[in-house]
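Here the structure is laid out as structure tokens; the discussion comes afterwards.
The values are calculated or read from the model by the stated rules, or taken from the named source; none is laboratory data. Because the structure is a prediction, the values reported are computed rather than measured. Virtual Cβ from ideal backbone geometry, glycine too; neighbours counted across all protein chains shown.
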Amino acid sequence: MRIAIASDHAAFDLKAELRDYLIGLGHEVADLGPDSADRVDYPDYGYKLASVVAEGIAERGVALCGSGIGISIAVNRHPACRCALVSEPLSAALAREHNDANVIALGARLTGADMAKACLDAFLAADFEGGRHAGRVGKLSNPDF
């Protein structure tokens with residue numbers, strides 16, 4: 001699977017560990033930055049990740065910042081992205097199964113590396129169930145206010 005990963009400075013180390021983990025599992029990984037732990041703004045990397053996923057360059061995305069909240073908000077600004085902030089594997093699986101999430105967000109200050117890997121495993125192993133969820137997911141990209 002083609003997976004894009006991006007972070008801010010607070011999640012730089014976790015990004016590197018997860019990138020290597022995903023490569024070790026045989027995935028093709030695009031590291032969208034940053035290239036160091038120097039201070040950066042998470043929206044810049046969230047928007048970059050959202051574009052790559054929305055354009056189909058990557059099938060899935062991994063968004064990381066200190067809490068996971070800011071970068072998930074940035075990714076979700078793109079109507080083609082459904083980014084779920086998770087902290088344990090069940091939520092990661094349900095994000096795919098019920099919400100057809102194409103990006104997972106994790107907080108480096110809140111989620112350890114082992115738990116982050118377990119979340120990634122659950123997220124990548126799950127498939128969208130469709131059915132009763134399909135109409136709801138469709139509304140996420142096309143709200144009728």
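I need the full set of residues from region 83-94 which are part of a loop (DSSP other than H, G, I, E, B) and within 11 Å of the chain's Cα centre (by Cα), in order please.
Scanning region 83-94 gives a single hit, 86.
When residue 80 is evaluated against the numbered criteria (1) among the aliphatic types (A, V, I, L, M); (2) in a helix (DSSP H, G or I); (3) more than 23 Å from residue 21 (Cα to Cα), which criterion, by number, is the only one it fails?
(2)
Being in contact with an Asp or Glu (Cβ under 8 Å, 6 or more places away or on another chain), touching a residue at least 12 places away in the same chain (Cβ under 8 Å) and more than 17 Å from residue 4 (Cα to Cα), is that true of even one residue in region 70-85?
Looking for residues that are in contact with an Asp or Glu (Cβ under 8 Å, 6 or more places away or on another chain), touching a residue at least 12 places away in the same chain (Cβ under 8 Å) and more than 17 Å from residue 4 (Cα to Cα), one finds at least one in region 70-85, hence yes.
I'd like to verify a number: residues in region 101-116 that are surrounded by fewer than 24 Cβ atoms within 10 Å (Cβ to Cβ) and part of a loop (DSSP other than H, G, I, E, B), how many?
5
Scanning region 41-77 for residues that are among the hydroxyl-bearing types (Ser, Thr, Tyr) and assigned to a helix (DSSP H, G or I), which turns out nearest to residue 126 (Cα to Cα)?
Of everything passing the filter in region 41-77, 72 is nearest to residue 126 (Cα to Cα).
Could you list, in sequence order, the residues of region 117-145 that are modelled with pLDDT under 90 and either in a helix (DSSP H, G or I) or on the phi > 0 side of the Ramachandran plot (or both)?
130, 131, 132, 134, 135, 136, 137, 138, 139, 140, 141
Go through region 1-40 and count every residue that is of a type in the set (A, V, I, L, M, F, W, C), in contact (Cβ under 8 Å) with a residue 24 or more places away in the chain and outside any loop (DSSP other than H, G, I, E, B).
Here the count works out to 12.
Taking the options 51, 36, 7, name whichever one is crowded, with 23+ Cβ neighbours inside 10 Å and among the hydroxyl-bearing types (Ser, Thr, Tyr).
7
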